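**Q** One structure, pasted below without further comment.
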Amino acid sequence: MSTATLSRAVPVTPAFAPTLTVFVLTALLVSGQLYVVIPLLPDMANGWGADPGALTWLVTAFAIGYAVGFLLFGPLSDRIGRRRLLMVGMPLAAVATALVAISTDPAMAIALRLVQGVAVATFPPAGMAYLGESVEPRRRVVAISAITGAFLASAVLLQVGGQLLVGSVGWRGLFVLSAIGLALAWLGLRAVMAPDRPRERGGSLMATYRVVPSLLVKPALALRYLAVLVLLGGFVAVYTGLQLSGVVTSPGELLGLRASGLPSILLIPLLTPWLARLSAPVRAIAFLLLAAVTLAVTGATGAGAVGLALLLAGYVAAITAGLPALNESIASLAEGSRGTALALFSFFLAVGSSLGPLAAAAFADFDLLMYGLAAVMVVAALAVLASAWLTARAAAAGRRA
């Protein structure tokens, strides 16, 4: 057998530290494109003489493109390979982001934000599927936890970064910096990613997308997707509720509460070697229940700023640990459609993030919001428990057969 044949036949295990560093930084930048525009809205409105409220469509348009892109690129990555997709998608994301910087009016910017959302959506499903396939099993949970933590951290870091830099470089300069960052991320991914493994390409391209409904009709998977929707929807609802309810009126205190979850986001990936001793469904159930408890206590105690910061840190820890557990538990049921299954995971994350503000707006009282979110967290935990029971029953039936 030739050396070339051997290189194709034996999977290449990427160097862990460089790979994780590049993937985490890329995740921060990619996911952060949803949030970075928020502190820029006043400057954009002043520049165009527009209503800042109308410019919130710059956020919504990106979120729509982002969610649609997950469904488009997850199945495609299963077909053509993770690396091949990202080597095309990331340069396109950089170009689309740079074009936003030269928008001449709000309508053009909104349209380009939609395109930008679609383009950057190549990374989450392909990137997480790549890590799930290529990283050593003993390090896989650490890697997925770090990536999901980066997605959460981007909500704080990119807003803070945008707020600090917009005065010196302007909103257009921030989009140029983002475009440069995405181009550098592409070069980093190109350097650390191993070549794609050979893939079966039987059937038409449309047949690739028919996998999506086939996954959604599996009860065990559908129940876990419900939990994904609730987990991130609750995360966004809590912080939106803080903004809308007036529980905290000082901008400095509000910024501090938003930042209070960052230590948890950094700490949880370090604990995953111990957490990984539990199965993914067990971890998901445990952390959904922990999220429910912290939310209920928050509502019951009416804690002050310090107590609220501590409770939010516990809540964010539950979210940060729960998301990779759900990611892993979904991937374990995907069989040969890991990229598609994880694209749906990302899709439900995006849908949850869009529903969170609506949930917060539905509750005028912050304490009632906490109780309502605690209740849906318990429902999500029961959904994962039911999913695990269905999976175990199916496995037992297969062994008997």
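**Q** Looking at Ser154, is it surrounded by fewer than 24 Cβ atoms within 10 Å (Cβ to Cβ) and in contact with a Ser or Thr (Cβ under 6 Å, 6 or more places away or on another chain)?
**A** On the way: surrounded by fewer than 24 Cβ atoms within 10 Å (Cβ to Cβ): yes; in contact with a Ser or Thr (Cβ under 6 Å, 6 or more places away or on another chain): yes.
The answer is yes for Ser154.
**Q** Under the condition of being aliphatic (A, V, I, L, M) and touching a residue at least 60 places away in the same chain (Cβ under 8 Å), which residue from the stretch 153-175 is farthest from Ala321 (Cα to Cα)?
**A** Going through the stretch 153-175, the residues aliphatic (A, V, I, L, M) turn out to be 153, 155-158, 160, 164-166, 169, 174.
Still in the list and also touching a residue at least 60 places away in the same chain (Cβ under 8 Å): 153, 155-158, 160, 166, 174.
Working: Ala153: 13, Ala155: 17, Val156: 18, Leu157: 19, Leu158: 21, Val160: 24, Val166: 33, Leu174: 31 Å.
Among those residues, the one meeting the criterion is Val166.
**Q** Mind checking which pairs have a first residue in the stretch 23-47 that is among the small types (Gly, Ala, Ser) and a second that is assigned to a helix (DSSP H, G or I), Cβ under 6 Å, 6 or more apart or different chains?
**A** Pairs found: Ala27/Ile147; Ala27/Ala150; Ala27/Phe151; Ser31/Phe151; Ser31/Ser154; Gly32/Ser154; Gly32/Leu158; Ala45/Leu55.
**Q** Answer yes or no: is there a residue in the stretch 323-338 that is of a type outside the set (A, V, I, L, M), touching a Gly at 6+ places or on another chain (Cβ under 7 Å) and buried (at least 20 other Cβ atoms within 10 Å of the Cβ). Give the steps one after another, and end with the answer.
**A** First pass over the stretch 323-338, keeping only residues of a type outside the set (A, V, I, L, M): 324, 327-329, 332, 335-338.
Subsequent filtering for residues that are touching a Gly at 6+ places or on another chain (Cβ under 7 Å) retains 338.
Applying the additional criterion that residues be buried (at least 20 other Cβ atoms within 10 Å of the Cβ) yields 338.
For the stretch 323-338, residues of a type outside the set (A, V, I, L, M), touching a Gly at 6+ places or on another chain (Cβ under 7 Å) and buried (at least 20 other Cβ atoms within 10 Å of the Cβ): present.
**Q** Looking at this structure, is Ala109 at pLDDT 95 or above, assigned by TED's automatic domain parsing to the domain that holds Gly170 and of a type outside the set (Val, Ile, Thr)? Reasoning before the result, please.
**A** Values: at pLDDT 95 or above: no; assigned by TED's automatic domain parsing to the domain that holds Gly170: yes; of a type outside the set (Val, Ile, Thr): yes.
Considered against the rule, which asks whether it is at pLDDT 95 or above, assigned by TED's automatic domain parsing to the domain that holds Gly170 and of a type outside the set (Val, Ile, Thr), Ala109 comes out as no.
**Q** Among the residues of the stretch 297-305, is any touching a residue at least 24 places away in the same chain (Cβ under 8 Å), outside any helix (DSSP H, G or I) and either touching a Cys at 6+ places or on another chain (Cβ under 8 Å) or not polar (S, T, N, Q) (or both)? Walk me through it before giving the result.
**A** Filtering the stretch 297-305 for residues touching a residue at least 24 places away in the same chain (Cβ under 8 Å) gives 298-300, 302, 305.
Remaining after also requiring outside any helix (DSSP H, G or I): 302.
Add one more test, that the residue is either touching a Cys at 6+ places or on another chain (Cβ under 8 Å) or not polar (S, T, N, Q) (or both), and what stays is 302.
Scanning the stretch 297-305, I find at least one residue that is touching a residue at least 24 places away in the same chain (Cβ under 8 Å), outside any helix (DSSP H, G or I) and either touching a Cys at 6+ places or on another chain (Cβ under 8 Å) or not polar (S, T, N, Q) (or both), so the answer is yes.
**Q** Same structure, new question: If we only count helices (runs of 4 or more DSSP H) wholly inside the stretch 78-134, which ones have 1 or more residues that are free of Cβ contacts under 8 Å to residues at least 24 places away in the same chain, on the phi < 0 side of the Ramachandran plot and out of contact with any strand residue (DSSP E or B) (no Cβ under 6 Å at 6 or more places or on another chain)?
**A** Values: elements: 82-101, 106-120, 123-134.
Where helices (runs of 4 or more DSSP H) fall fully within the stretch 78-134 and carry at least 1 residues being free of Cβ contacts under 8 Å to residues at least 24 places away in the same chain, on the phi < 0 side of the Ramachandran plot and out of contact with any strand residue (DSSP E or B) (no Cβ under 6 Å at 6 or more places or on another chain), they are 82-101, 106-120.
**Q** Let me ask another. Considering each residue of the stretch 270-296, count those that are at pLDDT 85 or above and not in a helix (DSSP H, G or I), and give that number. Show your work before the answer.
**A** Filtering the stretch 270-296 for residues at pLDDT 85 or above gives 278-296.
Checking which are not in a helix (DSSP H, G or I) leaves us with 278-279.
Going through the stretch 270-296 one residue at a time, the tally reaches 2.
Yes/no per residue for (1) within 20 Å of the chain's Cα centre (by Cα); (2) more than 30 Å from Phe363 (Cβ to Cβ); (3) at pLDDT 90 or above; (4) of a type in the set (S, T, N, Q):
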site	(1), (2), (3), (4)
Leu187	no, yes, yes, no
Arg190	no, yes, yes, no
Met206	no, yes, no, no
Val238	yes, no, no, no
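**Q** Let me spell it out: the conditions are (1) among the polar types (S, T, N, Q); (2) at pLDDT below 75; (3) exposed (fewer than 13 other Cβ atoms within 10 Å of the Cβ), and Ser214 meets all of them except one. Which number is the exception?
**A** (2)
**Q** Any residue in the stretch 274-293 that's within 14 Å of Val230 (Cβ to Cβ): show its pairings with residues that are of a type in the set (Phe, Trp, Tyr) and in a helix (DSSP H, G or I) at Cβ separation under 7 Å, as long as the two are six or more apart or on different chains.
**A** Between residues of the stretch 274-293 that are within 14 Å of Val230 (Cβ to Cβ) and residues that are of a type in the set (Phe, Trp, Tyr) and in a helix (DSSP H, G or I), the close pairs are Ala291/Tyr315.
The values are calculated or read from the model by the stated rules, or taken from the named source; none is laboratory data. Please read these numbers as outputs of a predicted model, since none were measured by experiment. With ideal geometry, Cβ positions are generated from the backbone for all residues, glycine too; neighbour counts draw on all protein chains shown.
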